[in-house]
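Okay, structure first, notes after.
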Amino acid sequence: MKNKVFFLVLLSFLIRGLFAVYYLNFDTHYSKSYGTKPFLSGKSKIDEVVINYDKYNSTAYNIVFSGGMLDKTEHFLYHPPLYSFFLAFSYFFFGYNILSFIIPQILLASFNSALVFILTFRIFRNEKVSFIAALMYALNPYFVLNSVLLLSETLYSFLLLCVFIICSKIAFPPSQKNNFLSGIFLGLTALCRTVVLVFIPFVFIWLISVLRKRAKAIIISSSVIFLAFLLVYGSWLVRNYFTYGRFASSIGYDSALEENSLQLYKQHVEGTLEYGKQRQIFFNWVANNKQLYLKNSAKRFVTFFFKPYSVDDITKRNKIIAFFVFLLIFPLGYLGLFRQIMINNRISWLIFFYCLSTAFLHVMTSISALENMRYRLPIMLCLIPFAANELYLAIKSAKRKFS
């Protein structure tokens, strides 16, 4: 098993490394979008690679080279902090250049292949299925692309996989160490993407169903998970209270309503949206536009779950890639997840709850009928183990039929 995992990690790293060289040096879309020059030397500054007002990068730069964590400027007003901490760590040790974040992020993405293998093995106890799943992740063009972009998807995938793997050991047998680690990683995941907060109540529902009838174990395990989560996530809330005078996960991105509220706000008023107005503006709009909201939500639901891409103005090559990836993972993934739920596979139920909560949040908290497919990547990640198992069963059945 170790040799297979090592091979997958190495393969994943080589693919992403070669793609990074191509994408940053020769891809016409990248050069056109960012006005870049070749980066084979790795000596160019990040500001020349990403848009210079990117908030992840400006926050990380500020941590390392400017005002630090006590700064009250706009650098800390948007995203949750963990991905910026990841970038800041890279800049601090390796300098402020393109390779400083590209190489650590590619390494992390490559290690995610091993985590996919481990998670799949926890579900199916089959090395062949686990190998197929990890290979599907390693070769997936969307995960390859995001591993070289200055976006939080790679780190979020790592944390999410850790949550599932650790939770898979919570009750087999009950372990307070695993409960504590689950809470820690849930807190870290929330500091990477706050949308995971919607999933956390489902974790406790899942825990109750797993432990069943053991009231003492349920109370103790739930308390340990919650306290560990609060230890991590609460520290950020406390920091923001002393810095900004309010408990907030992040000043402008503490809910999935923020982007929509800003759009609505800017339709009427120029300037910065005052914190705390997001929900009010969003719910007022929904109350006054019920039919349009439900219509757009229905369209977003269909797009989120059943369409390869959300817009038509993409290249023929990208359409082919989108169709192939979608058809390989989503139908088989849905079928496989449904099968495992029917036999009451406990980890599958937890993954189902995550998919349900994440999809619901993105589908129901927007004013638009379109869906940013980047937000569907965690769902794709969750479906890969189940798609791999269905593919394995299909291949096995075909071999029996034709042998």
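The values are calculated or read from the model by the stated rules, or taken from the named source; none is laboratory data. As the structure is a computational prediction, the values presented were derived from the model and not from experiment. Quick reminder, even Gly has a Cβ in these numbers, built from the backbone with ideal geometry, and neighbours come from all protein chains shown.
Here are the numbers:
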read-out: Matching entry among L207, L227 (being at pLDDT 60 or above, crowded, with 19+ Cβ neighbours inside 10 Å and not small (G, A, S)); value: L207
read-out: Residue among N318, N344, N389 that is assigned to a loop (DSSP other than H, G, I, E, B), over 13 Å from F304 (Cβ atoms) and more than 15 Å from the chain's Cα centre (by Cα); value: N344
read-out: Criterion: closer than 17 Å to V198 by Cβ, surrounded by fewer than 19 Cβ atoms within 10 Å (Cβ to Cβ) and out of contact with any helix residue (DSSP H, G or I) (no Cβ under 6 Å at 6 or more places or on another chain) - qualifying residue of F324, F360; value: F360
read-out: Qualifying residue in the stretch 280-296 (condition: modelled with pLDDT under 75 and either closer than 17 Å to R374 by Cβ or touching a Gly at 6+ places or on another chain (Cβ under 8 Å) (or both)); value: no
read-out: Pairs, first surrounded by fewer than 15 Cβ atoms within 10 Å (Cβ to Cβ) in the stretch 3-27, second in a helix (DSSP H, G or I) and among the small types (G, A, S), C-beta under 8 Å, six or more apart; value: L10/S110
read-out: F185 without any contact (Cβ under 8 Å) to a residue 40 or more places away in the chain and among the aromatic types (F, W, Y); value: yes
read-out: Close pairs (6 angstrom Cβ cut-off, 6 or more residues apart or separate chains): surrounded by 12 or more Cβ atoms within 10 Å (Cβ to Cβ) in the stretch 381-403, among the aromatic types (F, W, Y) anywhere; value: I384/Y137; N389/F124
read-out: Selection status of F352, among the aromatic types (F, W, Y) and loosely packed, with under 15 Cβ neighbours inside 10 Å; value: no
read-out: Residue list for the stretch 104-161, filter: part of a helix (DSSP H, G or I), surrounded by fewer than 22 Cβ atoms within 10 Å (Cβ to Cβ) and of a type in the set (S, T, N, Q); value: N146
read-out: Single condition S397 does not satisfy, out of (1) within 21 Å of the chain's Cα centre (by Cα); (2) among the small types (G, A, S); (3) in a helix (DSSP H, G or I); (4) more than 23 Å from F158 (Cα to Cα); value: (1)
read-out: Whichever residue in the stretch 307-321 is of a type outside the set (S, T, Y) and in contact (Cβ under 8 Å) with a residue 12 or more places away in the chain and, among such residues, is surrounded by the fewest Cβ atoms within 10 Å (Cβ to Cβ); value: V311
read-out: Which listed residue is in a helix (DSSP H, G or I), of a type in the set (D, E, K, R), surrounded by fewer than 23 Cβ atoms within 10 Å (Cβ to Cβ) and modelled with pLDDT under 95, from K177, K169; value: K177
